[in-house]
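Notes to accompany the following structure.
Coordinate-derived values only; no laboratory data. Computed from a predicted model, the values in this text were never measured in an experiment. Glycine gets a Cβ as well: all are built from the backbone with ideal geometry, and neighbour counts include every protein chain shown.
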There are 2 protein chains.
Amino acid sequence: MRTYGQYCAIARTLDVVGDRWTLLIVRELLLQGPCRYTDLRNGLPRIATNLLADRLRELEQAGLVESRAAPPPVATTLFSLTDRGRALQPVLRELVTWGAELMPSGPSEEDSFRSHWLGFPASLYLRAAPDQAPVALELRTGEESVTILAADGSVRVQPGATPEPDLVLSGAPQLLLGAISGLLPLEDARALGLVIDGDPGVLVRLQ
Amino acid sequence: MRTYGQYCAIARTLDVVGDRWTLLIVRELLLQGPCRYTDLRNGLPRIATNLLADRLRELEQAGLVESRAAPPPVATTLFSLTDRGRALQPVLRELVTWGAELMPSGPSEEDSFRSHWLGFPASLYLRAAPDQAPVALELRTGEESVTILAADGSVRVQPGATPEPDLVLSGAPQLLLGAISGLLPLEDARALGLVIDGDPGVLVRLQ
DNA sequence: CGGCATCCTCTTTGATACTG
DNA sequence: CAGTATCAAAGAGGATGCCG
């Protein structure tokens, strides 16, 4: 392991999670929950497969990730975060906050995108009132969906669609992002191509 | 610039600050304020000089750092953070928080240390009550000092000693860290070699 | 197909030396 | 002091192969 060799908490943290791709792997595990090698690869376009294997091994050794064989019907290895790994969530939250300013420019030609990546912005910008009825908000780009579940005070994220969403927003990534952040008024977003299916009030109440 | 090519705020942030050494350079500029190339090098033991030059150039291009020629008496280039660069402070705070668990083991044989690195833990663990008289706490390892200035509600950090400190703690890095975090009771720290000069109550009131 | 390991090339890093 | 130049070593990226 390459280390900065400094007795400093920042340096020691970066010794563990500062390598290329590492924090993005943690992002995937936070967003997707326990998942297969293939799910990780799908959430990390352009990662070299040997790097993913390397990083997973390092993360496991460092105690942030654990892998276990799933029971027979699935018969695959599942990777998941330990408590220590999940404790990185505040770090990722601040990275999202800082990076929010870089997002309005929209995806470039070569940028890849996965709907569930909207999970972090969603839990950053949306907030369920404690007394509020549970709502399911579905965000969709192309065929891919992510579901935002908001129930008394907490916001959870689930990859994939949901049976009975209260509101479905479909459209380009930057439209969805603008809509949930509130930076782009819903009417403007609709004019730009956002498709709103359900009660828009649901979104307003979460903001 | 190497990029992850993902339309995701985390990935875009890491595109900017995810390279090796980059966040540690930001740490130095946050702790030291505007400083010279040489000051940075001193705060970043083991960095290759070409890397420091490269990173500073990249940070400047990204708008996180600005360099300006200091007026004649100094006659040198001063590097400092822009507002955008300073906005990374919450990210570093969370990195410190997460890394705190890695610190009790103490510096290894090859670890380097600079007193001013204690500035982040100090502003994490210490807090000035709003109505409290201003206090100056000096932390010293070897010949190197850092001063923690606490005045109504805020905690500031200043490299170097201070003329009239209210309290001086001297000793090994992990003793200082244990003392300010409160994880190591002052009496135990003293037994382990911490030298306390001044009123220990000052520290207690900040915790 | 899922989960890697290997091989190869290219880029980045690190150590050291040198310069205006 | 504030870098640039050079070069070897390590890491990243891409293609492909292997095995249950």
* Asked: Check B:L167: other-chain or 5+ apart residues with amide H under 5 Å from its amide H, H built from backbone geometry?
  -> B:A136, B:E138
* Structure fact -> Counting only residues 5 or more apart in sequence or on a different chain, those whose built amide H sits under 5 Å from that of B:S112 are A:Q6, A:Y7
* **Chain A residue with Cβ closest to the axis mapping A onto B, distance in whole Å** => A:E94, 3
* What share of the DSSP beta bridges in the protein assembly as shown is antiparallel, in percent to the nearest 5? -> 80 percent
* Structure fact -> Once both label points are put 7 Å beyond Cα along the C-beta direction, the A:E164-B:R86 separation in nm becomes 5.2 nm
* Asked: Could you give the distance between the Cα centres of the stretch B:147-207 and the stretch B:104-127, to the whole Å?
  -> 12 Å
* Asked: How many nanometers, to one decimal and shortest first, lie between the label point of B:R156 and those of its other copies, if labels sit 7 Å from Cα toward Cβ?
  -> 4.7
* Structure fact -> Cα-Cα pairs in the stretch A:1-149 separated by more than 19 Å, as a whole percent of all pairs, come to 61 percent
* Structure fact -> Hull surface over four for the Cα convex hull of the stretch B:91-141, reported in nm², is 4.7 nm²
* Asked: Going from the alpha-carbon gyration tensor of the stretch A:72-207, what semi-axes, largest first and in whole Å, does one get by taking the root of 5 times each eigenvalue?
  -> 24, 19, 17
* **Dipole in debye (nearest 20) - the stretch B:149-200, about Cα centre, beta carbon charges: Lys, Arg +1; Asp, Glu -1** => 220 debye
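To the nearest 20 Debye, how big is the dipole of chain A about its Cα centre, given +1 on the beta carbon of each Lys and Arg and -1 on that of each Asp and Glu?
Rounded to the nearest 20 debye, it is 720 debye.
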* **Estimated translational D of the protein assembly as shown in µm²/s (Stokes, Kirkwood radius over Cα pairs; 25 °C; 0.890 mPa s)** => 104 µm²/s
* Asked: Quick one: label points 7 angstrom along Cα→Cβ at B:Y37, distances to the other copies in nm, smallest first?
  -> 4.7
* Can you list, shortest first and in nm, the gaps between the label point of A:R57 and those of its counterparts in the other copies, using a point 7 Å from Cα in the C-beta direction? -> 3.5
* Structure fact -> Residue by residue through the stretch B:142-159, the couplings from Karplus 6.51 cos²θ - 1.76 cosθ + 1.60 with θ = phi - 60°, in Hz, x for Gly and Pro, are x, 8, 9, 10, 9, 10, 9, 9, 10, 9, 3, x, 10, 10, 10, 10, 9, x
* Structure fact -> For the stretch B:127-133, in residue order, the Karplus 3J(HN,Hα) values (coefficients 6.51, -1.76, 1.60; θ = phi - 60°; whole Hz; Gly and Pro = x) are 8, 8, 5, x, 9, 7, 5
* Asked: Where does the stretch A:18-87 land on Rg/Rh, using Cα atoms and the Kirkwood Rh?
  -> 0.94
